[in-house]
1. Look through Asn352, Asn280, Asn311 and report the one residue that is under 30 Å from Asn405 (Cβ atoms) and touching a Lys or Arg at 6+ places or on another chain (Cβ under 6 Å).
2. Among Val574, Val536, Val587, which is the only one that is in a helix (DSSP H, G or I), surrounded by 17 or more Cβ atoms within 10 Å (Cβ to Cβ) and more than 26 Å from the chain's Cα centre (by Cα)?
3. When residues of the range 511-560 are filtered for being touching a residue at least 40 places away in the same chain (Cβ under 8 Å) and in contact with a Ser or Thr (Cβ under 7 Å, 6 or more places away or on another chain), how many remain?
4. Is there a residue being assigned by TED's automatic domain parsing to the domain that holds Glu107, out of contact with any His (no Cβ under 6 Å at 6 or more places or on another chain) and within 13 Å of Asn41 (Cβ to Cβ) anywhere in the range 186-205?
5. Could you please find all residues in the range 249-278 being touching a Phe, Trp or Tyr at 6+ places or on another chain (Cβ under 8 Å), outside any loop (DSSP other than H, G, I, E, B) and closer than 30 Å to Met99 by Cβ?
6. All but one of (1) assigned to a helix (DSSP H, G or I); (2) more than 22 Å from Gly257 (Cα to Cα) hold for Thr387, so report the exception by its number.
7. Looking at (1) within 19 Å of the chain's Cα centre (by Cα); (2) assigned to a loop (DSSP other than H, G, I, E, B), which is the only condition Asp406 fails?
8. Could you please find all residues in the range 523-563 being of a type in the set (Lys, Arg) and closer than 20 Å to Ala588 by Cβ?
Amino acid sequence: MNARYLMISIIISSLSFFIGECRAQVPDELPNILWIVSEDNSPFLGCYGDELAITPNLDKLASEGFLYTHAYANAPVCSPARNTIITGVYACSNGNQHMRSTYPLSEIVRMFPRYLRELGYYCTNNYKEDYNTPKQADTWDESGKKAHYKNRKEGQPFFHVKNIHTTHESSIHKSIPTNELIHKPDEMKLPPYHPDTKEMRHDWAQYYDKITEMDSEVGEILQKLEDDGLADNTIVFYYSDHGGVLGRSKRYVYESGTHVPFLIRIPDKYKYLFPAEKPNKKVSRLISFVDLAPTMLSIAGIPIPDYMQGNAFLGRQKTDDPDYAYMFRGRMDEWYDMCRSVRDKKYRYIKNFMPHRIYGQHISYLWRAPSMQSWEKAYIAGECNETQSVFWNTKPYEELYDTENDPWEVNNLAGDPAFKKVLDRMRKVNTDWMINIFDAGVIPEADMIRRRGEMSAYDYMRSGQVPLKEIMEAADVASQGDENNIRILTDYLKNADSAIRYWGATGLLILGEKAVSAKEELLKVLDDESPDVIVVAAEILYNIGKKEVATNSLLKVLEYPEDKARCHALNAIVYIGEDGQDVRDAVARIYPEKQYKYSWRIVNWLTDKWKIKAVDNE
């Protein structure tokens, strides 16, 4: 054998050995996968450096696995966040960005456990679903309070989700006596935006107690896995479904609402999946919930479908580290708002499309917390400093934070010339993302219901019927609040597309009394086919003196059969402060058909404020 062939033979032998070694490191046995999901809690854990936290079980899990330092919920509230998780598609791309809106998914989009089941996994969920859309029939083998991996066939791999409700927002609605708390209120370290009230300190202490209680439940779940002899074959994920839970966290696209604890323990048997050299390491990769579905498929060796919008961060299809994570906010319960956010490892950018609405909208469920009520009282009494008062004011068009150095995100750098390049970069990234995912949030909710008909919002946005870039441009011009754009905004009212008309009206509403020059054009859209256009135009006209015609238009929308149109009209009625007898009578006639009709929450609040009774007219 000559030297050339000898060399080729050596190379082939070496490659065969290397390939064999690699194959040996990847076991044929599919791993079990266990998700432990807590609710409404930020990374207030000892393993994340929180000195107030008492979380020995999660700290131990982190020491045995990998701690992700930059993990994010794409939405800061449960239903849109869970919609994103279960589909691998941003909820604002599915058209499910509004809280508990339950609009249908596209037939293209499948809830990801269906892929695992087809491979042979036994898939169970115990027990919260809350996907913000009707569940697809074959998603789970079991889903409910009794669902458990123990019910699978012998030798069958499982994917099991265990949801822990303990830290949910409701856990601070009723105060525990101070002498029964483990954490002491006077030892709490308050964020700079929270006033130092008795109730605020108490709720923070009670919340930390609930985190400790949740940690104990995690310990029990992990011990059961060990007792069942499954720990060596099971990859364990722990994360929270979004941040929380005190005011300005849950529901808000800040670090406090979107940054979540995220731990993964991987048995040595599957060490080829390790995201770092060895356990007890921190992983700085940016991950978000949209990445979970493709990551599960990647671990199982299932090809990732093209419609999924996330990046696999483990497994055979792991991608390079992304530069950004994306977040969104739509209607939160009964109040309309629209924000989009981009996070890199240092900065957070927020685009407020409705800057005329204050941060502290009176969300009835949020106001059940004594701390929230005390914050509002302190503000009204003039006891809040400038930082603590921001929450009760209208929003800037853009926000930019150096989160690395300003972890509570209170110093807005958007107007600082030194950060213009960062601002320009993040703004462009945000706009490109919204266009690339066909963000359905640019069309207001009631109008989207009208426009899409029987189609899903996902399909409608991709149908060729939506001039997305033009709508995006109108939304951007509107939200800037620049009086130099009055002529452009007025022209938008004449556009053939209802979403562009809506943004034209919204931009004029943001400008306030400066919009008086557009009065005649606004009057013409009071009979628009879109109820959202009518509502916004009516609010402007009321504010510039055309109170009777504006009120009558809002009363007509209150008669619409579509609840989201009524909800939008009620928002406007609250903001204009109209409480005449005709309005009171119309509001009192709105009665809920079922508990999640969020318009009823505004009705309940207003009728209580006016000291009148709603009428059951059904």
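1. Asn352
2. Values: Val574 fails: more than 26 Å from the chain's Cα centre (by Cα); Val536 fails: more than 26 Å from the chain's Cα centre (by Cα).
Going through Val574, Val536, Val587 in turn, the sole match is Val587.
3. The qualifying residues number 3.
4. Yes: the range 186-205 contains one or more residues that are assigned by TED's automatic domain parsing to the domain that holds Glu107, out of contact with any His (no Cβ under 6 Å at 6 or more places or on another chain) and within 13 Å of Asn41 (Cβ to Cβ).
5. Correct list: Glu255, Ser256, Thr258, His259, Phe262, Leu263, Ile264.
6. Tallying (1) assigned to a helix (DSSP H, G or I); (2) more than 22 Å from Gly257 (Cα to Cα), Thr387 fails exactly one: (2).
7. Unmet condition: (1).
8. The one that is of a type in the set (Lys, Arg) and closer than 20 Å to Ala588 by Cβ: Lys556.
The values are calculated or read from the model by the stated rules, or taken from the named source; none is laboratory data. What you are looking at is a predicted structure, and each value in this text was computed from that prediction instead of being measured. Note that we place each Cβ from the backbone using ideal geometry, even for glycine, and neighbour counts take in every protein chain shown.
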